[in-house]
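Every read-out reported here was derived from the displayed coordinates using simple, explicitly stated rules and does not represent laboratory data. None of these values were measured; they are calculated from a predicted model. In this analysis, Cβ positions are derived from the backbone assuming ideal geometry, glycine residues included, and neighbour counts consider all displayed protein chains.
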Amino acid sequence: MSNIDKKNRFCHLHIHTHYSLLDGLSKPVSLIKRVKELKMDSVAITDHGNMFGAIEFYKAAKAEGIKPIIGCEVYICNDRTQRTLKENEIHHLTLLAMNDEGYHNLIKLVSEANLTGFYYKPRVDFSLLEKYNAGLICLSGCLGGQLSQLILKNQKVEALALAKQYRALFGDRYYMELQRHPRNKDQCLVTPSLIKLAEKLNIQVVATGDSHYLCKEDEHTHDVLLTVNTGSSLDDKNRFSLSESDVYLADKEEMVNKFKDIPEAISNTQVIADRCNVEIELGKIKLPKFDTPPSMPKITWLAELCNQGRLKLRLRGKEYLDRLNYELEVIEKTGFATYLLIVHDMIDWAKKQGIAVGPGRGSAAGSLICYTLGITNIDPLKYGLLFERFMNPERISMPDIDMDFDDTRRDEVINYVTGKYGKDYVAQIATFGTMGGRSSIRDAGRAMGYDLKTCDRIAKTIPFMQTLSEALETSKELQAEYLNLESRDLIDMAIRLEGTVRHSGTHACGVVIADKPITDYMPVTLSKEGNITSQYDMNAIGDLGLLKMDFLGLRNLSVISETRKLIKQDFGKDLKGIPLNDEKTFKLLQDARTTCVFQLESSGMKRYLKGLKPNSIDDIAVMVSLYRPGPMELIPEYINRKHGRSPIEYLHPLLEPVLEETYGIMIYQEQLIKAVQVLAGFTLAEADVLRKAVGKKIKKLLDQQEDKFKFGCKNNGISDYVARKFWALVEPFNRYGFNKSHAVCYAMIGYQTAYLKANYPTQFMVAELNSCKDI
């Protein structure tokens, strides 16, 4: 590209997204879309003191052919360890990663700011910049930068010395950051002085817009957001506001016009953009190191452990051996033997310590490998569970095994993992709370001066789990409120704020385990409890290919564990196995005496249990699956079919063996997979791809799968009528289709608690009450 073309390009290098918590309004995907509309080919992200949105921003930019520049507007002070610094002693500084070294140094800086420099804000100091400046470009900062503040105070000598200090450290990587916001008097005073200082010291200048929102029209919305942040109201004349600064994403022409007297400030944005070339490796699996016996490959050791477990469980039939060999072949092909060995090690350690572990959770129960390793306690062949639901050999992705532990001892397992892999290699995982429909009404209402009763009244018209836009389609009460002009202003503002990140937090059970120190991959912070926590969320960690696991604490497992101890104490009986055909247990369930029984204690559930008269684990699994919004309407029909009051019908004879366990009603995702297999000749792996397409509800993907399904039906001799009728069931299946593997696991815990209540009621209720004493 010619020099003339470069002069005509502009890149925004100072951008705040909504990860600058309650300060920025722009979402990364929307930002990239706007950048593309403005015909710019690169853009930076520089959120306040964090890198929360870096991976989301990076992926969005790459997907649209925009160069992503990873940066951060750090808070800098003289000594980050001091706890007595005043607000005016903490300043802003803009840092951009030039290359991979710079990206990793930025991670180190931001991590140290949070771990060793946090006091209300995460702070760095010059000593940290000296240690981690390589590969970073430094812009002198906005009006909140130290240089600008010295100029405002007319401390010219100090300003000169500071600029020299930064130039000495960064060399030609140090730029004088210029902003022009004509309505901001302080900015109009500072910028000419910055230009003179740059000329005096031969420092290159660069123009930035300090964007906090995307369009001019968003100014009022952003003002409300800042008011939410500070807990003030729009009526407060002394509140913090950026209304005097034009901090929207200005187009190139406007920026060129603002700096027409100093065009190099514009051209240098592209010089910097060209200097910044960070590549973040996504999608490559990076599992922690796991040691096996000498000279034994991981897959060989895994197979040995599985066969030991198979023999211990007395699974000697050919069907078990064939299934196990098939699963091991897939694991060898996909390279996830290490993953399964890691999970097995954790579960095995927990059990040896006497920590109660759940029978399984999610699709892992469909794996015979997991059963033979003791990761799950469910025989997948007995319950017709599918390995392909756990791992699809045609769409390879990291397995996902979530683990339930006695909630009073969950931390022991995390401590074991931390000790085994190293404290620098393990961290908890960040989450981000966003403004939902109801909360955005209440937040915006307070900021805009609405009384609490009005905010509460409007908020209550929004159904749970619905966005405001969805609620305006479905809620007659909200529609009525919207007809009122005063209420409409509030609702419109809430819609604009909805989905904005409100706060960061720590995932209740998520843990990341890396093959190298966590800060080689991502910045970290400290949780309120003092635990090391990633700054990237579950999705970003998955994109990086790192191992993320859910260590869930389940109170009911604590109850089961303590009940067993009390039984041994009172009766000298070691209750290891629980029979699955206990008459007293099913009598308790049929009578709906299920208070304190896992998953089965609500009043609505009790009503249905009385009608169903469950007499098997399968019945409990069905109730776990159907007692949810959407599929709940199928429960009466299921009950009627079970008891012969309604006919059992099948769309096609081939579906009878697939659906007979649920009396012809398709309830489970596994049934959808098997049905597609028998009707259209799909492999189980291909059918699972269709299941995922149904779940994602992407029209193009669904259309492709529909065409493939109907073509397969035709080749299999299935009529067009049957194919169309079945597909009409498939599309809405996303609303209620349940993972049978998960249903059976939770049905098992429900049955165990029912068994203990039916047979040892005193010990069970003592344990139950003890588990609730701190709630």
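Mind giving me the FRET efficiency for LYS156 and LYS121? R0 is 25 Å, r the Cβ-Cβ distance, nearest 0.05 is fine.
0.35
Calculate how steeply helix 699-715 sits against the longest principal axis of the alpha-carbon atoms of the chain, using the helix alpha-carbon long axis, and give the answer as 0 to 90 degrees to the nearest 10.
Once rounded, one gets 30 degrees.
Considering only SER148, ALA303, VAL330, whose Cα is most displaced toward the positive end of the charge dipole of the chain, charges sitting on Cβ of Lys, Arg (+1) and Asp, Glu (-1)?
About the Cα centre, the residue reaching furthest to the positive side is ALA303.
So, by mean Cβ neighbours within 10 angstrom, what's the order for 135-146, 511-522 with the highest one leading?
Those peptides, ordered most packed to least, come out 135-146, 511-522.
Projecting each Cα onto the charge dipole of region 557-759 (Lys/Arg +1, Asp/Glu -1 at the beta carbon, about the Cα centre), which of LEU655, GLY604, MET666 comes out farthest on the positive side?
The residue sitting farthest along the positive end of the dipole is GLY604.
Answer with a single label: of [x] 1.06; [y] 0.99; [z] 1.02, which was calculated as Rg/Rh (Cα atoms, Kirkwood Rh) from the structure in view?
Among [x] 1.06; [y] 0.99; [z] 1.02, the one derived from this structure is [z].
In debye, nearest 20: dipole of region 436-498 around its Cα centre with unit charges on the Cβ of K, R (+) and D, E (-)?
180
Taking the Cα centre of each part, how many Å lie between region 212-291 and region 22-83?
Here the two parts' Cα centres lie 7 Å apart.
Using only helices, what value at 222 nm comes out for the chain when you add -39,500 (n - 2.57) per DSSP H run of length 4 or more and divide by the total residues, to the nearest 500 deg cm²/dmol?
One gets -15000 deg cm²/dmol as the mean residue ellipticity at 222 nm.
Among ILE458, PRO614, GLN428, whose Cα projects farthest towards the positive end of the dipole of the chain, with charges put on the beta-carbon of Lys, Arg (+1) and Asp, Glu (-1)?
Looking along the dipole axis, the top candidate is PRO614.
Relative to the longest principal axis of the chain, what angle (0 to 90°, nearest 10) does the C-alpha long axis of helix 555-571 take?
Helix 555-571 sits at roughly 40 degrees to that axis.
Whole number please: convex hull volume per residue, Cα atoms of region 266-409, in Å³.
Value for region 266-409: 187 Å³ per residue.
Among LYS351/LYS576; LYS352/LYS573; LYS286/LYS351, which pairs are too far apart, with a Cα-Cα distance over 24 Å?
From the list (LYS351/LYS576; LYS352/LYS573; LYS286/LYS351), the Cα-Cα distance tops 24 Å for LYS286/LYS351.
Share of antiparallel DSSP beta bridges in the chain, in percent to the nearest 5?
55
Roughly how many debye, to the nearest 20, is the charge dipole of the chain about its Cα centre, given +1 on each Lys and Arg Cβ, -1 on each Asp and Glu Cβ, and no other charges?
Dipole magnitude for the chain comes out near 1040 debye.
May I ask for the distance between the Cα centers of region 134-195 and region 497-558, given as a whole number of Å?
One Cα centre to the other: 36 Å.
What's the center-to-center distance, using Cα atoms, between region 391-427 and region 609-648 in Å?
35
Distance cut-off 18 Å, Cα to Cα: go down the list LYS568/LYS773; LYS613/LYS674; LYS27/LYS108; LYS131/LYS423; LYS423/LYS548; LYS121/LYS153 and report the pairs above it.
Those over the limit are LYS568/LYS773; LYS613/LYS674; LYS27/LYS108; LYS131/LYS423; LYS121/LYS153.
Just to confirm the number: angle between the C-alpha axis of helix 28-37 and the first principal axis of the chain, 0 to 90 degrees, nearest 10?
50
Can you sort CYS11, CYS276 by how many other beta carbons sit within 10 Å, fewest first?
Ascending number of Cβ neighbours within 10 Å: CYS276, CYS11.
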